[in-house]
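One structure is given below, represented as structure tokens, and several questions about it will come after.
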Amino acid sequence: MKFKTLSVAALALSAALAGATASADTLKFGKTEDAVKYRQNALFVMSQHFGSLGAMANGRAEFNADLAKQNGAVLETLATLPWQAFGAGTEGGKTKPEVWKEKAKFDGHAKDFVTEAGKLAAAAKTGDLAQLKAAFGPAAQTCKACHDAFRNR
Ligand code: ASC
């Protein structure tokens, strides 16, 4: 195969993979209880790292470029994890049953969040507070949109 053909094929493959899912899909859960615990804990850990970036973006904490970069990198990895724990038959916790009735919509929210978390991590990597501020709001909005639609209060 010519190099050009190969790179077009590689591009098509990466586009297909990027479009396929927001999830890392690294685990299978034997018990619903474990899936619920996993997603709650993954989301909690994520919220702590996200919160650290938010505090800096909103001026509640002093900006520390190294810390922002590290929290961005952790967030980017964690962002892919919770979604695999919302598999069929794992209704429970604070999650509304709509997640399983409107799976495509839920997956869309997850994907939007993963995209924005990636942008936030990239912004944090620049070491520029203005970029962190610009990327934080849209990322928080993707958290809120999904919570409004799919999380019980
Ligand atoms: C957080 C957190 C959330 C989101 C949400 C954004 O830090 O724990 O659930 O941000 O409040 O609107």
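Which log10 I(q)/I(0) values does the stretch 93-153 give at q = 0.16, 0.18, 0.30 Å⁻¹ under the Debye formula, counting every alpha carbon as one identical point scatterer?
The calculated log intensity ratios at q = 0.16, 0.18, 0.30 Å⁻¹ are -0.55, -0.64, -1.15.
Which pairs in the list LYS105/LYS125; LYS111/LYS144; LYS31/LYS94; LYS69/LYS111; LYS37/LYS96 are over 20 Å apart, alpha-carbon to alpha-carbon?
Result: LYS105/LYS125; LYS69/LYS111 exceed 20 Å.
Arrange the peptides 89-95, 26-32 so that the one whose residues have, on average, the most other Cβ atoms within 10 Å appears first.
Packing order, densest peptide first, comes out as 89-95, 26-32.
Still on this model: Go through ALA24, VAL99, ALA140 and say which Cα lies farthest out towards the positive end of the charge dipole of the chain; charges sit on Cβ, +1 for Lys and Arg, -1 for Asp and Glu.
Sorting the options by dipole projection puts first VAL99.
Given 10 Å bins starting at zero, what is the percent of C-alpha pairs of the chain in each, up to the one with the largest pair distance?
P(r) over the chain, rounded to whole percents: 11, 36, 30, 18, 5, 0.
Can you list the residues, at least 5 places off or on another chain, whose amide H is less than 5 Å from the amide H of ASP128, using H built in the peptide plane?
none
A follow-up question, please. Distance in nm between label sites at LYS103 and ALA65, each 7 Å beyond Cα in the beta-carbon direction?
That separation, rounded to one decimal, is 4.6 nm.
Quick one: Kirkwood hydrodynamic radius for the stretch 58-120, alpha-carbon pairs, angstrom, one decimal?
13.7
Say the dipole of the chain comes from +1 at the beta carbon of Lys and Arg and -1 at that of Asp and Glu; which of THR126, GLY51, GLY87 then lies farthest toward its positive end?
GLY87
Still on this structure: Residue-wise, which Karplus ³J(HN,Hα) couplings in Hz belong to the stretch 97-106, taking 6.51 cos²θ - 1.76 cosθ + 1.60, θ = phi - 60°, and x for glycine or proline?
Each residue of the stretch 97-106 in turn: x, 4, 3, 8, 8, 10, 4, 5, 5, 4 Hz.
A further question on this structure: Please give the length that would be gained between GLU91 and ALA134 if that part of the chain were fully extended, namely 0.36 nm times their separation in residues minus their C-alpha to C-alpha distance (nm, one decimal).
Contour length minus the Cα-Cα distance gives 12.0 nm.
Based on DSSP H runs of at least 4 residues, each adding -39500 (n - 2.57), what is the mean residue ellipticity at 222 nm of the chain after dividing by all its residues, to the nearest 500 deg cm²/dmol?
Calculated mean residue ellipticity at 222 nm is -24000 deg cm²/dmol.
Can you list the aspartates and glutamates whose alpha carbon sits under 17 Å from that of LYS103, skipping same-chain ones fewer than 8 residues off?
Partners found: ASP25, GLU91, ASP112, ASP148.
LEU27 to GLN141: FRET efficiency via 1/(1 + (r/R0)^6), r the Cβ-Cβ distance, R0 30 Å, to the nearest 0.05?
In this case the efficiency is close to 0.60.
Would you pull out the residues with amide H under 5 Å of ARG151's amide H, same chain only if 5 or more places away, H placed 1.01 Å from N?
LYS96
Each value in this text was obtained by applying a stated rule to the coordinates, not by laboratory testing. Source: prediction; values computed, not measured. In this analysis, Cβ positions are derived from the backbone assuming ideal geometry, glycine residues included, and neighbour counts consider all displayed protein chains.
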